[in-house]
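Trainee: Mind looking over this structure? Questions follow.
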Amino acid sequence: MGEIEERSERGTGESPERMMPYHRALPAEPKSKLYLGCLNKPQLILISVAAGLVPLIIIITVAAVLATKSDSSTALPSFSTGGDMLDFLVQSGDISSPDGLMATWYHRANSKEEMNKALTSDAMILEADITLEGYGTANENPIPIMAHPPDIYSDNTLDQWMDAVLASRKGMKLDFKTLRSVGLSLDLLSQKSKNSSRGINRPVWVNADILLGPNAPAFLPTVNGT
């Protein structure tokens, strides 16, 4: 028994098992959530910011261009109303030489719709017709309006027409269709030339049919030159 106990105390003589170091398993990182099937969150934020900046840049650019155009009328050369229209167009940069064939026109820019079309077109000169409101009727008023006979009513007066055209770079040609509208219209032009902050800073061509031609309509009265 003594030998058996001694062996038990000494052990079997075999070396004990080596203890391996313990490593704690770390949890796996969660996969990034994808948006639209292919974008992670930082990429989505970057694209969203870029998409918001593009319209903002476009708005700022358009506003700058419009502001430049709105100020362009102040850069027009100052001409008297009796100045040369072709010289005016040359100095304003619309044509390269005083050649009437280079000038472009927009005829019968009478109603507000036609006037606005003309103002946004490439035409250099607006031509419009002047008569009196209700001309030849019991409702005739001493208000020059923009209309071509036989029309005697319009949504546009000469006063409104002048303000709109003077805010642009266009030249002006006024065609008088009634004799009674001439004096009232010239008084209005004189008033605008003196009282307007802008004045009339460009030539104004005026035209009137004073003789009846072979194809003149019957409703036009004859004019006594004396």
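The values are calculated or read from the model by the stated rules, or taken from the named source; none is laboratory data. No experiment lies behind these values; they were computed from the predicted model shown. Reconstructed Cβ throughout: ideal geometry from the backbone, glycine too, with neighbour counts over all protein chains shown.
Trainee: When you look at residue 142, is it in contact with a strand residue (DSSP E or B) (Cβ under 8 Å, 6 or more places away or on another chain), closer than 23 Å to residue 80 by Cα and assigned by TED's automatic domain parsing to the domain that holds residue 91, yes or no? Outline the logic, then answer.
Mentor: Details: in contact with a strand residue (DSSP E or B) (Cβ under 8 Å, 6 or more places away or on another chain): yes; closer than 23 Å to residue 80 by Cα: no; assigned by TED's automatic domain parsing to the domain that holds residue 91: yes.
Considered against the rule, which asks whether it is in contact with a strand residue (DSSP E or B) (Cβ under 8 Å, 6 or more places away or on another chain), closer than 23 Å to residue 80 by Cα and assigned by TED's automatic domain parsing to the domain that holds residue 91, residue 142 comes out as no.
Trainee: Moving on. Would you say residue 126 is in contact with a Lys or Arg (Cβ under 7 Å, 6 or more places away or on another chain) and aliphatic (A, V, I, L, M)? Show your work before the answer.
Mentor: Working: in contact with a Lys or Arg (Cβ under 7 Å, 6 or more places away or on another chain): yes; aliphatic (A, V, I, L, M): yes.
In short, yes.
Trainee: Kindly indicate which of 80, 121 is outside any helix (DSSP H, G or I), at pLDDT 95 or above and surrounded by fewer than 16 Cβ atoms within 10 Å (Cβ to Cβ).
Mentor: 121
Trainee: Specify the residue that is farthest from residue 100 (Cα to Cα); the eligible residues are those in the stretch 171-204 that are touching a helix residue (DSSP H, G or I) at 6+ places or on another chain (Cβ under 8 Å) and part of a strand (DSSP E or B).
Mentor: 176
Here's the yes/no breakdown for (1) at pLDDT below 95; (2) touching a Cys at 6+ places or on another chain (Cβ under 7 Å); (3) over 30 Å from residue 95 (Cβ atoms); (4) surrounded by 13 or more Cβ atoms within 10 Å (Cβ to Cβ):
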{"residue": "129", "(1), (2), (3), (4)": "no, no, no, yes"}
{"residue": "133", "(1), (2), (3), (4)": "no, no, yes, yes"}
{"residue": "149", "(1), (2), (3), (4)": "yes, no, yes, yes"}
{"residue": "204", "(1), (2), (3), (4)": "yes, no, no, yes"}
{"residue": "208", "(1), (2), (3), (4)": "yes, no, no, yes"}
{"residue": "213", "(1), (2), (3), (4)": "yes, no, yes, no"}
